[in-house]
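Quick notes on the structure that follows.
We did not get these values from a lab; they are worked out from the coordinates using the rules stated. The shown structure was predicted, so the numbers you read here are calculated from the model rather than taken from an experiment. Every residue, glycine among them, receives a Cβ derived from its backbone with ideal geometry; neighbour counts consider all protein chains shown.
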Amino acid sequence: MQKTKTDSENSWTVSVADVDKTTFDLSVKNPHKKDETALRDPKEILDEMKELDEEAAGIIKKIKGIL
């Protein structure tokens, strides 16, 4: 690491003492970033599934009509 560079939002340093010596897990997991996964309302998901099912059924009906 360059001595003139400092940690930013997209970088971080880990002390050698903090590395798990049994797994040596060096996977990229920025500890400074929060998990911002927005969860959708279950009703919204079910409504979208119903719409997609109806759309798929319509497409299948059109394909059967062509055959």
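Rounding to the nearest 10 and keeping the result within 0 to 90°, find how far the Cα-based axis of helix 42-66 lies from the longest principal axis of the chain. Helix 42-66 sits at roughly 50 degrees to that axis. Per residue, the convex hull around the alpha carbon atoms of the chain comes to 227 Å³.
Extension gain, Leu39 to Trp12: 0.36 nm times the residue separation minus the Cα-Cα distance gives 6.9 nm. With the simple spin-label model, which puts each label point 7 Å out from Cα in the Cβ direction, the Glu51 to Lys3 separation comes to 5.9 nm. Calculated [222 nm] ellipticity per residue, helices only, for the chain: -13000 deg cm²/dmol; basis is -39500 (n - 2.57) per DSSP H run with n ≥ 4, divided by all residues, nearest 500. Using θ = phi - 60° in the Karplus curve 6.51 cos²θ - 1.76 cosθ + 1.60, the 3J(HN,Hα) couplings for the stretch 13-27 round to 10, 10, 5, 4, 5, 7, 6, 5, 6, 7, 10, 6, 5, 10, 5 Hz; x is entered for Gly and Pro.
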